[in-house]
Amino acid sequence: MKADAFQGMTGGNMLRGMLVEVQRRTATVRDEAGKETLCAYSPGIRLGEFSNFAVGDQVEYYPGGATQEPLITAILPRTSKISRPGPGERHARELILAANVDLLVVTVAAAQPTFHPRLLDRYLAVAERFGIKALICINKCDLQPVIPPEALYLETIGYDRVACSAETGEGLEKLRVKLRGRLAVLSGPSGAGKSSLIAALVPDADPRIGEVRESDGRGRHTTTTSHLYATPDGVRIIDTPGLRELGLWNVQPAEVAEMWRDFRPYLGKCRFTDCAHRTEPDCAVRAAVDAGAIPDFRLQSYYRVLDTLSGDD
Ligand SMILES: Nc1nc2c(ncn2[C@@H]2O[C@H](COP(=O)(O)OP(=O)(O)OP(=O)(O)O)[C@@H](O)[C@H]2O)c(=O)[nH]1
Ligand SMILES: [Mg+2]
Ligand SMILES: [Zn+2]
């Protein structure tokens, strides 16, 4: 359909809104006032570099009329994205999981599932890769109130943190203040309590919440699609599935080291320019670890991500 023909049909009555949920044939658009409209995609739309429609995308849409169903007609440029590899051969295509977010809330549990610093580091690296500010959210502090030393260290290198409990409500007000005025995405392993936090923060939200399996203490991948929730007081937050594949593929080892912000002062100072900071002699990063300037867990979590890239994990 030609653009002007479409304009004629809709009377030029186009609106702007943000995608709150994306399905194969339809997407839900939310306008400024909070009104949601289920729209089909305009057949003529070309996604090109946008790859796919994603939660958080700003779109133009026609809200529907007597002869025409609601239709999304255009997608507007993104300020940011987070993505994962798409299905198929060598993950050639990227799949955008959320667009235009300006805060990545790395959500982990203080216990159940067990706290692993390498998971925190992995998600922080994702934020670094996509140039999005990160906030560490340690949930389930009702089960384990002591802040892990690794999280204390991460604060010293500039990562903001909040400890909270979706169960008791502790720390939620602090979290709410940090979320206000932003478009945030909750990311982190399955079972950390992302959906539970949404349910506690957003009135009327009713996300699915799943038990942590008793047998292995892991989450059950309860959330399967991303969804954007909003409150009247300016909190906009996207719930996502706990995805391992998030963000860190199709990158070179040298790029991975850049995502460890405490490594940066030492990069380029190793004897070998292509140093992977493993066993090479005169490695400035390992020297910094040996000297206690960087804790060992950071090196271990960096190795873990490198191993994942080469398929050993
Ligand atoms: N004790 C305690 N349990 C919690 C807390 N937050 C969530 N849970 C429980 O943890 C389990 C997993 O919660 P979900 O909110 O489904 O976790 P999720 O991060 O959304 O998991 P996925 O959707 O699978 O990625 C549920 O049994 C929740 O009741 C908390 O603060 N304290
Ligand atoms: Mg969930
Ligand atoms: Zn090195």
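The values are calculated or read from the model by the stated rules, or taken from the named source; none is laboratory data. In this text the structure is predicted, and so the values were computed from the model without any measurement. Counting neighbours? That spans all protein chains shown, and the Cβs are built from the backbone with ideal geometry, glycine included. For the accessible areas, the whole protein counts, side chains as well, though only heavy atoms, and no ligand, DNA or RNA atoms are used. Shrake-Rupley method; radii C 1.70, N 1.55, O 1.52, S 1.80 Å.
Side notes on the structure shown:
- Test: residue in segment 15-31 that is of a type in the set (Asp, Glu) and within 26 Å of Gly131 (Cβ to Cβ): yes
- Of the candidates Gly181, Gly188, Gly169, the single residue that is outside the structural domain of Val55 (by TED's automatic domain parsing), on the phi > 0 side of the Ramachandran plot and open to solvent by less than 20 Å² (accessible area, probe 1.4 Å) is Gly188.
- Annotation: Ala230 fulfils all but one of (1) under 18 Å from Arg298 (Cβ atoms); (2) away from ligand 3 (no atom under 12 Å from the Cβ); (3) open to solvent by less than 60 Å² (accessible area, probe 1.4 Å); (4) within 19 Å of the chain's Cα centre (by Cα); the unmet one is (1).
- Within the option set Val235, Val162, Val177, being modelled with pLDDT under 95 and of a type outside the set (Lys, Arg) holds for one residue only, Val235.
- Qualifying positions in segment 42-59 - closer than 23 Å to Val185 by Cβ and out of contact with any helix residue (DSSP H, G or I) (no Cβ under 9 Å at 6 or more places or on another chain): Leu47, Glu49, Phe50, Ser51, Asn52, Phe53, Ala54, Val55, Gly56, Gln58, Val59
- Residue in segment 61-83 that is acidic (Asp, Glu), assigned by TED's automatic domain parsing to the domain that holds Gly17 and open to solvent by 10 Å² or more (accessible area, probe 1.4 Å) present: yes
- Answer from Ile132, Ile147 - the residue that is of a type in the set (A, V, I, L, M), part of a loop (DSSP other than H, G, I, E, B) and closer than 17 Å to Ser187 by Cβ: Ile132
- Of all residues making up segment 255-276, the number that are open to solvent by 10 Å² or more (accessible area, probe 1.4 Å) and in a loop (DSSP other than H, G, I, E, B): 12
- Test: Arg304 is of a type outside the set (S, T, N, Q), open to solvent by 40 Å² or more (accessible area, probe 1.4 Å), within 16 Å of ligand 3 (Cβ to nearest atom) and not assigned by TED's automatic domain parsing to the domain that holds His116: no
- Among the residues listed as Ala98, Ala134, the single one being at pLDDT 95 or above and either open to solvent by less than 50 Å² (accessible area, probe 1.4 Å) or hydrophobic (A, V, I, L, M, F, W, C) (or both): Ala134
- For Ala284, the stated conditions hold: it is more than 16 Å from Glu150 (Cα to Cα), surrounded by 13 or more Cβ atoms within 10 Å (Cβ to Cβ) and not assigned by TED's automatic domain parsing to the domain that holds Gly158.
- Candidates Val202, Val108, Val126 - the one that is modelled with pLDDT under 95, within 16 Å of ligand 2 (Cβ to nearest atom) and crowded, with 16+ Cβ neighbours inside 10 Å: Val202
- In summary, strands (runs of 3 or more DSSP E) completely within segment 152-241 and bearing 2 or more residues that are among the small types (Gly, Ala, Ser) occur at 183-187.
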